[in-house]
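Written below as structure tokens is the structure these notes are about.
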Amino acid sequence: MSPEVLQKKLEFFKNNGYVILDNIFSNEECDSVVNCAHDVLGENTDLTPLMNIHKSSEIIQSFMSKQKLINFINLYFQNKALGLQTEFFFMPPKTVGFNAHQDNTYVMASSEAFISAWCALTNVKKENGGLIVWPETHNENALETKDTGLPKSDNQDPNATIRETIVPEKYLPVSPEVKKGSVLMIHSWLVHASNQNLSSENRYALLCTYLKEHTDFRKGTYAKRTPFNLKKVD
């Protein structure tokens, strides 16, 4: 990605709260992450997302350190990026989507010092559980949330259904298609959610989050976030 394209992507991100970075990873790199997750899973039939899979996998650490991705994040931070957290989603058929939420509700970092990279490990669209984003909601910072009264849903993150962010009516949702190997970058306060997987195949994705060096944040009881130095990967 040329400096000019990188700058245009960053401007779109700052204005809208999200941007798609195309063709960051090869098909082989995506498949290696999926295989790694299935190896971790073993014979377990519970497809609840795997939290912080990078802690036991060099493959995942190298994947999230890909220079084409880190170049964007470093430019946004104007400082060194640290890895913070990963979550691998199997999302088999019929899995319900994640309710509307803001990632920084959980992390509580400075708004411009935390960012999420949602990496598509297969072609993703609305029908198979693609994300929903509300452009420009990042300008609101933290929004109110409400309890849904719903329990944890099968094969989904424990936080996916129990609470929901209240989105002001002036913001309209969109469901962008993200091709395998591309990355949807998400601002710390952008409201986003995901659709139910109505397809016949798993919707594989890896969420990677990053923190600007020397930034305070909330570790979390479930996530147990721990910053770490990224690898040098071309």
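On the basis of being open to solvent by less than 70 Å² (accessible area, probe 1.4 Å), in a loop (DSSP other than H, G, I, E, B), touching a Gly at 6+ places or on another chain (Cβ under 7 Å) and under 15 Å from Gln102 (Cα atoms), does Leu143 make the cut? Talk me through it step by step, then tell me what you get.
Working: open to solvent by less than 70 Å² (accessible area, probe 1.4 Å): yes; in a loop (DSSP other than H, G, I, E, B): yes; touching a Gly at 6+ places or on another chain (Cβ under 7 Å): no; under 15 Å from Gln102 (Cα atoms): yes.
Judged against the criteria, Leu143 is not a match.
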- Some residue of the range 112-126 being closer than 21 Å to Asn27 by Cβ and open to solvent by 50 Å² or more (accessible area, probe 1.4 Å): yes
- Message: surrounded by fewer than 18 Cβ atoms within 10 Å (Cβ to Cβ) and within 21 Å of Val178 (Cα to Cα): is that true of Asn35 in this structure?
- Response: yes
- Query: Could you say which residue among Pro92, Pro135 is open to solvent by less than 40 Å² (accessible area, probe 1.4 Å), touching a helix residue (DSSP H, G or I) at 6+ places or on another chain (Cβ under 8 Å), over 26 Å from Val233 (Cα atoms) and not basic (Lys, Arg)?
  - Reply: Pro135
- Within the range 64-83, is there a residue that is under 16 Å from the mean Cα position of the chain (by Cα), buried (at least 17 other Cβ atoms within 10 Å of the Cβ) and in a loop (DSSP other than H, G, I, E, B)? yes
- Hey, any hits in the range 133-143 for a residue that's of a type in the set (Asp, Glu), more than 26 Å from Cys30 (Cβ to Cβ) and in contact with a strand residue (DSSP E or B) (Cβ under 9 Å, 6 or more places away or on another chain)? no
- Task: Pairs only if they're at least six apart or on different chains, beta carbon under 6 angstrom, first in the range 210-224 and farther than 15 Å from Asn104 by Cα, second of a type outside the set (Lys, Arg); list them, first residue then second.
- Result: Glu213/Asn79; Glu213/Leu82
- Query: Hey, among the residues in the range 160-169 that are open to solvent by less than 50 Å² (accessible area, probe 1.4 Å) and closer than 11 Å to Asn99 by Cα, which one's modelled with the highest pLDDT?
  - Reply: Thr165
- Single residue of the range 211-234 satisfying the filter (surrounded by 12 or more Cβ atoms within 10 Å (Cβ to Cβ) and closer than 20 Å to Glu29 by Cα) that is modelled with the highest pLDDT: Leu230
- Of the residues in the range 94-110 that are touching a strand residue (DSSP E or B) at 6+ places or on another chain (Cβ under 8 Å) and among the hydroxyl-bearing types (Ser, Thr, Tyr), the one that is nearest to Ala37 (Cα to Cα) is Thr95
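Would you confirm whether or not the range 1-18 contains a residue that is of a type in the set (Ser, Thr, Tyr), in contact (Cβ under 8 Å) with a residue 12 or more places away in the chain and surrounded by fewer than 17 Cβ atoms within 10 Å (Cβ to Cβ)? Walk me through it before giving the result.
Restricting attention to the range 1-18, the residues satisfying the condition of being of a type in the set (Ser, Thr, Tyr) are 2, 18.
In the following step, the residues that additionally are in contact (Cβ under 8 Å) with a residue 12 or more places away in the chain were identified as 18.
Checking the rest, the ones that are also surrounded by fewer than 17 Cβ atoms within 10 Å (Cβ to Cβ) come to none.
No: zero hits.
Residues of the range 181-209 being open to solvent by 50 Å² or more (accessible area, probe 1.4 Å) and either under 12 Å from the mean Cα position of the chain (by Cα) or not polar (S, T, N, Q) (or both), which ones? Outline the logic, then answer.
Taking the range 181-209 first, the residues open to solvent by 50 Å² or more (accessible area, probe 1.4 Å) are 196, 198, 200-201.
Result: Leu198, Glu201.
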- Query: What number of residues within the range 19-32 satisfy the criterion of being open to solvent by 30 Å² or more (accessible area, probe 1.4 Å) and not in a helix (DSSP H, G or I)?
  - Reply: 4
- Which of the residues that make up the range 120-140 are out of contact with any Gly (no Cβ under 8 Å at 6 or more places or on another chain) and not in a loop (DSSP other than H, G, I, E, B)? Asn128, Leu131, Glu140
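The values are calculated or read from the model by the stated rules, or taken from the named source; none is laboratory data. It should be emphasised that the depicted structure is a prediction, and the values quoted were computed from it without experimental measurement. Virtual Cβ from ideal backbone geometry, glycine too; neighbours counted across all protein chains shown. All accessible areas refer to the heavy atoms of the entire protein, side chains included, with ligands and DNA or RNA removed. Shrake-Rupley method; radii C 1.70, N 1.55, O 1.52, S 1.80 Å.
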